[in-house]
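Notes to accompany the following structure.
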Amino acid sequence: MPVGVTVNCLAVLTGGILGGWLGRYIPIKTTERMMGVLGLCSFSIGVLNLMKVESAPPVILAVLLGYFLGDLADLEKRIAWIFGKIFKKVPVGKSGLDMDAFVMAVVLFCASGFGIFGVLTEGLSGDSSVLLSKSFLDFFTALIFAVTMGMVIGLIAVPQYLIFLLLFVAARAVGGYLAQEEITAFVACGGILTMAAGLRVAQIKYIAIGNMVPALILVIPLSYWWRSLGSVSYTHLT
């Protein structure tokens, strides 16, 4: 059962509704400062996941090559464009905000490297701890966004659940064919994306996390290749 997926989406829904309701009572300065704290928490989770790596070279190669390919394809802007079309007629905020802020929130919840990493981790290994940790972050992030944009933020939970559920089912289908080394490499790669998300949320450094998503696809075959290369070298030496 996709426990982490369900809890994460409910966190976005609840945070969006609560933030829209409490918006008039929460000072803007408080919401701005909270984003820094949320970014710090996200960065800390990424560090913990990165520490699980057994072999760093394939992970680093996957991140570098994945970002290079994602940047060439301008993947993050394409993702934002797709969601902008989907939510084109959604009324945004009581203060007449444009769609850019809303689309950014949609991409952050539905298509960020952190979210995709969490779903695939639960699907591959059954470990929902990443998504459960992300749920706390997403609850407060949705609440803060909803303070200015309104309860419409809660609607993001609908496409988020559909996307996450599809990813979860796909991960479950291939999970039984992966060795532990590939899974830990995937977790470590996701940790780097999570650290990037933390820097971005805290407004320390803007990193196009959407462009890093291909790294999550590349890291498993690269880890398998690296492990096979090590086995061949060991056999040759003996």
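The values are calculated or read from the model by the stated rules, or taken from the named source; none is laboratory data. A quick note: this is a predicted structure, and the numbers were derived from the prediction, not measured. Cβ coordinates were reconstructed from backbone atoms using ideal geometry, including for glycine residues, and neighbour counts include every protein chain displayed. Note: areas computed on protein heavy atoms with side chains; ligands, DNA, RNA excluded. Shrake-Rupley method; radii C 1.70, N 1.55, O 1.52, S 1.80 Å.
Going by what's in this entry, would I26 be described as modelled with pLDDT of 85 or more and more than 18 Å from the chain's Cα centre (by Cα)? Answer is no for this residue.
Of the set (1) more than 17 Å from the chain's Cα centre (by Cα); (2) modelled with pLDDT under 80, all apply to F68 but (2). The residues listed here are I204, I192, I217; of these, the one that is β-branched (V, I, T), at pLDDT 85 or above, closer than 24 Å to A73 by Cβ and surrounded by fewer than 22 Cβ atoms within 10 Å (Cβ to Cβ) is I217. Annotation: D127 fulfils all but one of (1) of a type in the set (D, E, K, R); (2) under 21 Å from G46 (Cβ atoms); (3) surrounded by fewer than 22 Cβ atoms within 10 Å (Cβ to Cβ); (4) touching a residue at least 40 places away in the same chain (Cβ under 8 Å); the unmet one is (4). Counted as qualifying within the range 126-231 are no helices (runs of 4 or more DSSP H), as none has 3 or more residues that are acidic (D, E) and touching a Cys at 6+ places or on another chain (Cβ under 7 Å). Quick check: is even one residue across the range 8-17 over 16 Å from the mean Cα position of the chain (by Cα) and exposed (fewer than 14 other Cβ atoms within 10 Å of the Cβ)? Among the residues of the range 8-17, not one is over 16 Å from the mean Cα position of the chain (by Cα) and exposed (fewer than 14 other Cβ atoms within 10 Å of the Cβ), which makes the answer no. Here the range 18-27 is the region considered, the condition is being touching a residue at least 12 places away in the same chain (Cβ under 8 Å) and part of a helix (DSSP H, G or I), and the residue that is most open to solvent (accessible area, probe 1.4 Å) is W21. Can you say whether F117 is open to solvent by 50 Å² or more (accessible area, probe 1.4 Å), part of a helix (DSSP H, G or I), closer than 22 Å to G198 by Cα and touching a residue at least 60 places away in the same chain (Cβ under 8 Å), as far as the supplied structure shows? Considered against the rule, which asks whether it is open to solvent by 50 Å² or more (accessible area, probe 1.4 Å), part of a helix (DSSP H, G or I), closer than 22 Å to G198 by Cα and touching a residue at least 60 places away in the same chain (Cβ under 8 Å), F117 comes out as no.
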